[in-house]
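Written out below as structure tokens is the structure these notes cover.
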Amino acid sequence: MKLLIDIIPIALFFIAFKFYDIYVATIVAMAASIVQTFWHRFSTGKFETMHLITLIIILLLGGMTLFFQDERFIKWKPTIVNWAFALALIIGTFFLKKPAIQALLGSKITLPLTVWINLNWGWFIFFILSGALNLYVAYNYSTDAWVNFKLFGMMGITLIFVILQGIYISKYIQEPPSN
């Protein structure tokens, strides 16, 4: 269910673009991100960090897209979000003195430290490459191709990466210690 909620702004952006243009799609994505962020807050009692980061970035870049009537700003949004997450993994690891991904997921699964380190680096590299790939598509293909890539391409490569990560960690998952 959470995955469905998380893709709603992207899906609405895609639909609005197909029926109107990049500027209407940007407004729709901005509004959908606001609704998504506050819906999560009111349904769970807390804000989700990922939603807040994405909301700030889409409001800033979407606002610049609309103000300057320049679609290049909104095309940078997936890159900045991905690179922000990559940076958060590295900075978090430095300050926490353990892999940031372990701090995020360690209460749900138990893995050896080397596996946590590999996961952290894997996600860091994935976020960096995803951001770079977004820029490549944004600057070398039409806006229509970029919008299709943003929904289907990015989702596809993320799904493949998650499956590969699941296969990798499946042989290392340990039973959590019983209390």
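With both labels modelled 7 Å from their Cα along Cα-to-Cβ, the residue 64 to residue 24 distance reads 2.6 nm. The protection proxy used here, the mean number of other Cβ atoms lying within 10 Å of each residue, ranks peptides 124-132, 151-159, 22-30, 110-118 as follows, highest first: 22-30, 124-132, 110-118, 151-159. Rg and Dmax of the range 104-179, based on Cα coordinates, read 16.3, 56 Å. The length gained by stretching the chain between residue 161 and residue 7 to full extension, at 0.36 nm per residue less their Cα-Cα distance, is 53.7 nm. Between helix 113-140 and the chain there is an angle of about 10 degrees, using the helix long axis and the longest principal axis of the Cα atoms. With the cut-off at under 12 Å, measuring from each backbone N in the range 108-131 to a point 7 Å along the Cα-to-Cβ line of residue 172 picks out 110-123.
Please find the FRET efficiency linking residue 110 to residue 50, where r is the Cβ-Cβ separation and R0 is fixed at 35 Å, and quote it to the nearest 0.05.
Details: r = 23 Å, r/R0 = 0.67.
Between residue 110 and residue 50 the formula returns 0.90.
Can you give me the convex hull volume of the Cα atoms of the chain, divided per residue and expressed in Å³?
On the way: hull volume 23.6 nm³, N = 179.
With only Cα atoms used, the chain gives 132 Å³ per residue.
In this structure, the residue pairs whose Cα-Cα separation is over 26 Å, taken from 98/171; 18/77; 108/171; 18/75; 75/97, are 75/97. Computed over the chain, relative contact order equals 19 percent, with contacts defined as Cα pairs under 8 Å that lie 6+ residues apart.
Around the amide H of residue 110, modelled in the peptide plane, lie the amide H atoms of 174, all under 5 Å away and 5 or more residues distant in sequence or on another chain.
As a test of the formula, what do you get for the chain when each DSSP H run with n ≥ 4 contributes -39,500 (n - 2.57) and the sum is divided by the residue count, at 222 nm and rounded to the nearest 500 deg cm²/dmol?
Dividing the helical sum by the residues of the chain leaves -26000 deg cm²/dmol.
What FRET efficiency do you get for residue 98 and residue 152 if R0 is 25 Å and r is their Cβ-Cβ distance, rounded to the nearest 0.05? That gives a FRET efficiency of 0.10. For the range 1-66, the Kirkwood estimate of the hydrodynamic radius, built from every pair of different alpha carbons, is 12.0 Å.
Throughout, read-outs are computed from the coordinates displayed, never taken from laboratory work. Quick caveat, the model's predicted, so the values are computed rather than measured. Glycine also receives a Cβ, built like all others from the backbone with ideal geometry; neighbour counts cover every protein chain displayed.
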